[in-house]
Every structure is written in C-alpha cells, then in structure tokens.
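Would you mind keeping the following structure in view while I ask a few things?
What follows draws every value from the coordinates through simple rules; no lab data is involved. Quick caveat, the model's predicted, so the values are computed rather than measured. All Cβ positions, glycine included, derive from the backbone under ideal geometry; neighbour counts span all protein chains shown.
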Ligand SMILES: *Cc1c(COP(=O)(O)O)cnc(C)c1O
C-alpha cells in the first residue's frame, strides 16, 4: 500500500510512513501529516459539484482515492454575520463560525470522522477516548457508524445531556472523579491492556486533519480569501494547530494569497495553561493545578500539543488570553438573546475575547474577524 501522505514529528525531523496505526513520535510528541503533493489546481473548480460536507476537500485529506470515509455529513457550517457584536466591539466585520450545527453538536465531529476513518481502515474494531464531553459524543456516533465498539471515560461532572448522547449512541460510558487528565490515564491503561485504540487528542495524527477543514472552509466561504483575525477557544489545541496547517498548505499550493490571519487563543482563567506559558514567553506549557471552568472543552490542564500551540501563536502574530466564567457565560446568553445563535460557553469565551482585544486596540475597527462557536449550547443545559 502506498499513500500520498506521510508523518513528520512536530518537534523533530523524525518521519514515519502512513501505514499501520501511528500514535506519537519517539519523543512522545504529536505527528503532523505531510502530503507528497498539493491537490491539482483543477480540484478547486470541481468543488462546486461536490457534496456539502468536509470530505469535499478530500484531496487535502488523508484518504485514498478509492476510499469512502466514515461520515455523518460533518462540516460546512455557516459563517454568520453578527451585527450586535459589530456594534458592541466597534469592529466592522464579525462573523461567527457556528460549529454547533455539526452532527453531535460540536466541531469534534470533524476530527473523529477523520480519525475513525483511518483507524478502521487499519483494522481497528474497538476505540477508547477520554473526554470533557463533546469528543465522547462524537466518537460514540462515528464508532457506531463504523460498527465498532467504543468506550468513553468522562468526568462525573460532565453535563447530563452530553452523557445521555454518549449512551444513546451505544458507547460503554465510564464516569470518573476528576478531570480529562484523569480520564486520559484510565483510557491509556485500557488501551495498553489491549482493550482498544486510543483516539485521545493528538495521540493519533488524524484528528488534526479533520479540524484542518475548518480553515479550508473559511477560505472557500470567503471566496478564497481569509479574515484578518480568528478567535478560537482552546483546550487540547487541535483546532488552532489544524487551521494554521490548513492556511499554510493553501498558501503553499497557491490557492490563497496575502497575509495569513492572526490567531487568538482564548481560555478560561480557571484553566489557562496556554495563556500562562505564552505570557511567560515559554515554549512549553506546565500542567495547571485544580482546573475549574464551566467551559468544559477548555478544562485541559496539560495539553499534549502545548509546544505546537505556542509555536503557532508566535508564528501567526497572535496571542493567548483568559476570560472569566461569569463573563463567558453572560456573553453566550447575550448572543443567544440578540442573534438567536445557540452559543456554548466556549463560544461565549471567544466573544468576550473579541471585545477585550477590540477594546485594547489589538484588533482594529477595519479588521475582519471570525469568532468560533465550537459547539451547541443546548448540550450544556
Ligand atoms: C473540545 C472543545 C474545545 C477545545 O478544542 P481544541 O481544538 O481541542 O482546543 C472547545 N470548545 C468545545 C465546545 C469543545 O468541545
């Protein structure tokens, strides 16, 4: 079997071919997928006739020519103009990328569609994942779609609706005291005992490739141009890393021109390892003690992708900032009331970040900005 992609370590020049079930590099760092050639220019014109889901970008993805992905129609979420936020922030052009409209109610669908597709192709019949909630729902659904077994480790404090969805899709749900880091330990033990393949964030290379489609999609939605700024609520970091990878690949292939967006990473002040490391000028994140936030997707105290995220923020000229739980909660409720968009708490954090960055002049009135709503608010209520 030959593949049109291979893997390169995110922290060294170690490489790996795409066969089998790659996990992390010998340094224990995430792999990044690298393609042997960019898609032909005529692929762009062919997009018009394709189905409206993230696999329309299949030439940019780890998928064989004759292969069908494991899909529930993920991706191609709307980019919505937000007049009330434009007025409140003084920034003339603001969109919300509403990832809550994905299958399973969050952008986790993108990453897990890609990861499950590759793993099933390599022969996996049983999966395990630690989750703050949404990744568990998505793996349960895609695992069901592929006819495989799924075990999910989630904190006991996960919102009830999310737990109900995981059970609805037939996964074996294990509730633990503690946070996603504790669940990660349990998942790795279960995987090591031969129980299942671990699809934890960045412990396999393909979830990033699914998340990457958010970046390609924004470019297509804006007529193959990019906004000046993107504000992204950051936990494990796959979205941030994936979108930056997409922009560089699109630029290198000549599909877009001009400067790439500045990415702003927002966390809750109850768990902000990326913000603390960024402010200290550090190149690695240190584990955050006693992580606490109602924005469960951001409750990731020791992200494996810390190094790549910090490098990405520096490269793009962006930064990281923290907001408080009461602020993010109020912002999510306000956008719901004013715009009819169902914001998750993490999306609320991105809204607060826009207002802060606009107020201190980091984002100017003429900048165009995409604010990410990473999931549906109803799952948390
Ligand atoms: C997982 C999750 C995040 C964090 O995403 P990363 O790309 O892993 O940083 C943010 N918001 C929601 C709703 C999530 O489920």
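Rounded, prolate or oblate: which fits the chain, taking a ≥ b ≥ c as square roots of the Cα gyration tensor eigenvalues, rounded meaning a/c under 1.5, else prolate when a/b beats b/c?
In terms of gyration-tensor shape, rounded.
Only helical DSSP H runs with n ≥ 4 go in: add -39500 (n - 2.57) per run for the chain, normalise by residue count and round the 222 nm mean residue ellipticity to 500 deg cm²/dmol.
One gets -11000 deg cm²/dmol as the mean residue ellipticity at 222 nm.
How do 228, 252 line up, fewest other C-beta atoms within 10 Å first?
252, 228
Between residue 359 and residue 257, how high is the FRET efficiency from 1/(1 + (r/R0)^6) when r is the Cβ-Cβ distance and R₀ = 22 Å? Nearest 0.05. Before the final figure, lay out the partial values.
Numbers: r = 31 Å, r/R0 = 1.43.
In this case the efficiency is close to 0.10.
Still on this model: According to a simple spin-label model (label point 7 Å from Cα along Cα-to-Cβ), what is the distance in nm between residue 49 and residue 186?
The answer from the label model is 5.0 nm.
Would you mind pulling out the separation of the Cα centroids of segment 291-330 and segment 196-262, in Å?
16 Å
Remind me, relative contact order of segment 108-198 in percent, using alpha carbon pairs under 8 angstrom and six or more residues apart?
It rounds to 32 percent for segment 108-198.
Translational diffusion coefficient, Stokes-Einstein: compute it for segment 189-232 using the Kirkwood radius over C-alpha pairs as Rh, at 20 °C and 1.002 mPa s, and state it as an integer in µm² s⁻¹.
165 µm²/s
Now for a different question. Quote to one decimal, in nm, the extra length available between residue 164 and residue 4 on full extension: 0.36 nm per residue of separation minus the C-alpha distance between them.
Extending this stretch completely gives an extra 53.7 nm.
Which percent of Cα-Cα pairs in segment 108-198 sits in each 10 Å bin, short to long?
Final binned percentages: 19, 55, 25, 1.
Place a label point 7 angstrom from the Cα of residue 221 along the Cα-to-Cβ direction, then list the residues of segment 247-263 whose backbone nitrogen is under 17 Å away.
247, 261-263
In a GNM of the chain with a 10 Å cut-off on Cα contacts, which of 245, 319, 185 has the highest mean-square fluctuation?
Between 245, 319, 185, it is 185 that shows the largest mean-square fluctuation.
State the Cα centre-to-centre distance between segment 334-381 and segment 136-175 in whole Å.
What the calculation gives is 28 Å, centre to centre.
So how do 60, 52 line up by other beta-carbon neighbours within 10 Å, fewest first?
52, 60
To continue, here is another question. Output the relative contact order of the chain, whole-number percent, from Cα pairs under 8 angstrom with separation of 6+ residues.
Normalised by residue count, the contact order of the chain is 18 percent.
Next up: Can you tell me the length gained on complete extension of the stretch residue 64 to residue 175, counting 0.36 nm per residue apart and subtracting the Cα distance? Mind showing how you got there, number by number?
Numbers: separation 111, 0.36 × 111 = 39.96 nm, distance 3.69 nm.
Length gained, residue 64 through residue 175: 36.3 nm.
For 68, 99, which order do you get if you count the other beta carbons within 10 Å of each Cβ and list the fewest first?
68, 99
With a 10 Å cut-off between alpha carbons and a GNM built on the chain, which of 365, 261, 78 moves the most?
Highest fluctuation among the options: 365.
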